[in-house]
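**Q** The structure that follows is given in the form of structure tokens.
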Amino acid sequence: MVDPRSKHGQETAVLFSGGLDSAVLVAHQARHGVVHPIYVAVGLAWEPIEERVVARLMASGAFADRVRPVVRLAVDMRDVYPASHWAVRGAPPAYHTPDEDVYIEGRNVVLLAKAAVYGARNGIGRLAIGPLAGNPFPDATAEFFAAMARALSLGLACDLTIAAPFADLHKEDVIRLGASLGVPLELTLSCMNPVGDGHCGRCSKCRERQHAFASAGVKDLTKYAAPPPD
């Protein structure tokens, strides 16, 4: 079961990419208070399509209640990640590769820091982010979020908390939750090499999505440009 960890009426800034997990997180947090979705662009290859997906999701009406318009922030990381980096080139790891192969150094550090400054300036003291159970990355642990919240609270001279409400859930759990909340899951984007505004069907994120829908017992209405490789 999901522990919402939020107080009734509390305002929360949710890091929102248009992906399945973050879309469900927005809807879930909106049950407990006002949500400010924040999209942070850092210069990765798929971001123009993500931003169109974010606009499409917000126009769907699924997030009308207690959800404010999306705030777009930017931190250009292309002076840190080289032009040859797979996420800058748009050449993601293949379908059967492990999660560790999609690690982007410091991603949550950057997203949370930018969102926290925005929150401090706008009186929003709670940030929510959507890592799931089994996430192998060092900037997705409870210890990291606690330390980051302490550092940001000190540096911004405000009380700031960072919540990861889905940290004990797997993607199939999030899919079931999203379906129960009426989130149009087929409009979300969980792909590192999108085709048009949809899924390539050949990257490891597409594999993760396909397997999770099957495990959840929820029909996958996602359109994939190509079938899974053999």
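**Q** For the range 149-224, go through all pairs of different Cα atoms, get the mean of 1/r, take its inverse, and jot down that Kirkwood value in Å. Don't skip to the answer; put the middle values down first.
**A** Details: mean 1/r = 0.0695 Å⁻¹.
Answer for the range 149-224: a Kirkwood hydrodynamic radius of 14.4 Å.
**Q** Report the paramagnetic label zone for Ala225: residues of the range 75-112 whose backbone N is under 12 Å from a point 7 Å from Cα along the Cα-to-Cβ axis.
**A** From the range 75-112, the list is 90-92.
**Q** Can you give the local net charge around Leu73? Use residues other than it whose beta-carbon is closer than 15 angstrom to its beta-carbon, Lys and Arg +1, Asp and Glu -1.
**A** So the environment of Leu73 carries a net charge of +1.
**Q** Give the long-range amide H neighbours of Leu73: residues separated by 5 or more places, or on another chain, with amide H under 5 Å away, using H modelled in the peptide plane at 1.01 Å from N.
**A** Tyr39, Val40, Ala41
**Q** While we're looking at this one, here's another question. Need one number: % antiparallel among DSSP beta bridges in the chain, to the nearest 5.
**A** Roughly 10 percent of the DSSP beta bridges within the chain come out antiparallel.
**Q** Give the cross-link partners of Lys205 among the aspartates and glutamates, using a straight C-alpha distance below 17 Å as the criterion and excluding same-chain residues fewer than 8 apart.
**A** Answer for Lys205, where 17 Å is the Cα cut-off: Asp21, Glu47, Glu50, Asp99, Glu100, Asp101, Glu172, Asp173, Glu186, Asp197, Asp220, Asp230, listed by chain and number.
**Q** In addition: When ligands, DNA and RNA are left out and all protein chains stay put, how many square angstrom of accessible area per residue does the range 114-197 have with a 1.4 Å probe? Don't skip to the end; give the middle numbers.
**A** Values: 3710 Å² over 84 residues.
Normalised by residue count, the accessible surface of the range 114-197 is 44 Å².
**Q** Cα convex hull of the chain: mean projected area in nm², to one decimal?
**A** 11.9
**Q** Now for a separate question. Can you pull the percent of the range 46-140's accessible area that's carbon plus sulfur, 1.4 Å probe, other chains left in place?
**A** 54
**Q** Using only helices, what value at 222 nm comes out for the chain when you add -39,500 (n - 2.57) per DSSP H run of length 4 or more and divide by the total residues, to the nearest 500 deg cm²/dmol?
**A** One gets -11000 deg cm²/dmol as the mean residue ellipticity at 222 nm.
The values are calculated or read from the model by the stated rules, or taken from the named source; none is laboratory data. Predicted model only: the values in this text are computed from it and were never measured. Note that we place each Cβ from the backbone using ideal geometry, even for glycine, and neighbour counts take in every protein chain shown. Areas reflect the complete protein model, heavy atoms only, side chains present, ligands, DNA and RNA absent. Shrake-Rupley method; radii C 1.70, N 1.55, O 1.52, S 1.80 Å.
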